[in-house]
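Everything on this sheet refers to the single structure shown next.
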């Protein structure tokens, strides 16, 4: 069953067509890769899906309901979360404090309840802290819980961003270069954890420039070039597709 559908999605910036009549369907429980050279429209597509920018034309559906042009925070509340958009780190806070901040999106507690700190609130805060520690552990950075986020190595900041995204209890994650800046070992460990996240019921759509990571992780890949979808299929089909090979050899200029 489709969890995300894009129908004729398009975005123009003046005379520049960043995304052109894009049709895309992501099935529930899938890990889908979205690839393409610089200028292909991947980032713009993520921005359109997550509500960060408004499409010129076309429609976005999530879990069967239209979310076209809804504000980003509303899209996130519905369970569609983008790491780059909602998990920009609070660099002055610790790793655990960052995840706890994200957890509060689903606490259901009002401001007065949090202010007066009654027994129920204190118990809920303990539960949230335990959840935050478990999420850090799931991304392999529980030992960094008391470190300031801004002082963490780049790879650990990426992992913290994913942990914070998971704290919002998403149904689907849009991962923007989840292994960027990581060593090959760190990248493999992170993608193994992302597979575990999928196995626990979270659908994944990821943009990633590391082709080895994409080809060994994604069941299906969509390739864009200059705003158009040029190919879609299994990793084996995409790696042998003539238009994909030509797009990467030809390169381009980032337009998103």
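Ranked highest first by the average count of other Cβ atoms within 10 Å around their residues, in what order do 234-244, 217-227, 138-148 fall? Can you show the working numbers first?
Values: 234-244: 14.8, 217-227: 22.2, 138-148: 17.1.
The peptides rank, most packed first, as 217-227, 138-148, 234-244.
Of the peptides 68-78, 164-174, how do they stack up when ordered by the mean number of other Cβ atoms within 10 Å, highest first? Show your work: numbers first, answer last.
Values: 68-78: 15.7, 164-174: 22.8.
Sorting 68-78, 164-174 by mean packing, highest first, produces 164-174, 68-78.
Report the relative contact order of the stretch 1-49, percent, no decimals, based on alpha-carbon pairs under 8 angstrom and at least 6 residues apart.
Details: 60 pairs, mean separation 16.7, N = 49.
Relative contact order for the stretch 1-49 comes out at 34 percent.
With everything on Cα atoms, drop me the angle between helix 119-138 and the longest principal axis of the chain, reported from 0 to 90° to the nearest 10.
Roughly 40 degrees between the two axes.
I'd like to compare 6-12, 32-38: which one has the highest average count of other Cβ atoms within 10 Å, and what's the full order after that?
Per-residue mean Cβ counts within 10 Å order the peptides as 32-38, 6-12.
Of the DSSP beta bridges with both residues in the chain, give the percent that are antiparallel, rounding to the nearest 5.
Looking only at bridges with both residues in the chain, the antiparallel portion is about 55 percent.
GNM on the chain, C-alpha springs below 10 Å: top fluctuator among 45, 185, 213?
Result for the chain, Cα springs under 10 Å: 185 fluctuates most.
Determine the gain in length on full extension of the stretch residue 137-residue 242; use 0.36 nm per residue of separation and subtract their C-alpha separation, reporting nm with one decimal.
The residue 137-residue 242 span can extend by a further 33.6 nm.
So if each residue of separation counts as 0.36 nm, and I subtract the Cα-Cα distance between residue 195 and residue 69, what length gain in nm does that give?
Working: separation 126, 0.36 × 126 = 45.36 nm, distance 2.96 nm.
That works out to 42.4 nm of additional length.
What residues of the stretch 120-135 lie in the reach of a label at residue 97, counting those whose backbone N is under 19 Å from a point 7 Å from the Cα along Cα→Cβ?
Once the point is set 7 Å along Cα→Cβ of residue 97, 125-135 turn out to lie under 19 Å by backbone N, inside the stretch 120-135.
Readers should treat all values here as calculations from the given coordinates under stated rules, not as data from a laboratory. It should be emphasised that the depicted structure is a prediction, and the values quoted were computed from it without experimental measurement. Positions of Cβ are generated from backbone atoms using ideal geometry, with glycine treated the same way; all protein chains shown enter the neighbour counts.
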